[in-house]
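The values are calculated or read from the model by the stated rules, or taken from the named source; none is laboratory data. This is a predicted model, so every value here is computed, not measured. Quick reminder, even Gly has a Cβ in these numbers, built from the backbone with ideal geometry, and neighbours come from all protein chains shown. When the accessible area is computed, the model is the full protein with side chains, heavy atoms only, and any ligands, DNA or RNA have been set aside. Shrake-Rupley method; radii C 1.70, N 1.55, O 1.52, S 1.80 Å.
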Amino acid sequence: MADQRVDIKALDTIFSSMLRAMDQSKNDIFIISERSRKSFDDMKVELEMVENAIARLLTENNQLEEKSRSSRKRLAEVSKNFASYSESEIREAYEAANKLLIELSVNEMEEKQMLQRRFELEKRMSELLETMQRADQLVNRVSIVVNDLTSDLQNVGEALQDARLKQDVTMSRIEVQERERIRLSRDMRDGPT
């Protein structure tokens with residue numbers, strides 16, 4: 001009969017290696033989660049700054065629109081009563097209206113950029129939040145698997161030792177029976193001694 005014993009030490013080494021790999025994976029997932037949290041917090045701060053910039057730009061745009069309306073009224077009045085104003089007053093009215101219009105355009109463009117940045121930040125933060133939730137779920141699942149494997153490893157080790165003991169007892173019985181059979185066979189052939 002071929003000796004096909006299970007090497008408990010080899011199995012223990014395999015299980016230990018597997019548990020270390022699972023534990024390392026859990027730690028790696030945790031690191032990913034923590035880095036995502038850090039990025040999320042950084043983006044939260046940036047989002048607050050963008051929100052403040054948007055509020056400031058909206059206030060400035062309202063003020064510039066009001067000034068621009070007044071400036072255009074002044075320009076319309078100057079244009080209507082062209083003969084009553086000097087060339088420099090006409091130029092000043094035109095340049096003031098034009099300057100305010102340019103400032104308003106620049107502010108509106110900056111506001112659009114800030115609104116786009118806010119949209120991008122909110123989208124990225126949503127994705128990071130999902131990543132953090134998934135990472136937390138994975139860490140929990142891996143922890144459960146590691147705990148299950150650890151308890152199963154103990155049970156398997158005990159079961160293997162019991163099986164080895166039973167196998168040793170069975171092999172001893174077979175060897176004793178084989179020796180007895182050989183002795184009986186010799187006695188039958190040679191006769192009693």
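A few notes on this one:
- Gain in span if fully extended, I90 to S70, counting 0.36 nm per residue against the direct Cα distance: 5.7 nm
- Principal-axis tilt of helix 8-80 within the chain, Cα atoms, nearest 10 degrees: 10
- Tilt relative to the chain, helix 87-190 - C-alpha long axis, 0 to 90 degrees, to 10: 0
- Residue-averaged [θ]222 nm for the chain, counting only DSSP H segments that reach four residues, each worth -39500 (n - 2.57): -35000 deg cm²/dmol
- Cα→Cβ-extended label distance, 7 Å offset, between E103 and L115, nm: 2.2
- Accessible surface, the stretch 1-135, averaged per residue in Å² (probe 1.4 Å): 74
- Applying 1/(1 + (r/R0)^6) with r as the Cβ-Cβ distance of D162 and E48 and R0 = 45 angstrom yields a FRET efficiency of 0.10.
- Carbon + sulfur, % of accessible area of the chain - ligands and nucleic acids excluded, 1.4 Å: 54
- Between I31 and N147, the C-beta separation translates, for a Förster distance of 22 Å, into a calculated FRET efficiency of about 0.60.
- Entries in K73/K99; K80/K112; K67/K123; K38/K123; K9/K166 that, when Cα-Cα distance is taken, lie over 26 Å: K80/K112; K67/K123
- Cβ-Cβ distance of R56 and D23, R₀ of 45 Å, FRET efficiency by 1/(1 + (r/R0)^6): the value works out to about 0.35.
- Diagonalising the gyration tensor over the Cα atoms of the chain and scaling each eigenvalue by 5 before taking the square root yields semi-axes of 95, 11, 9 Å, largest first.
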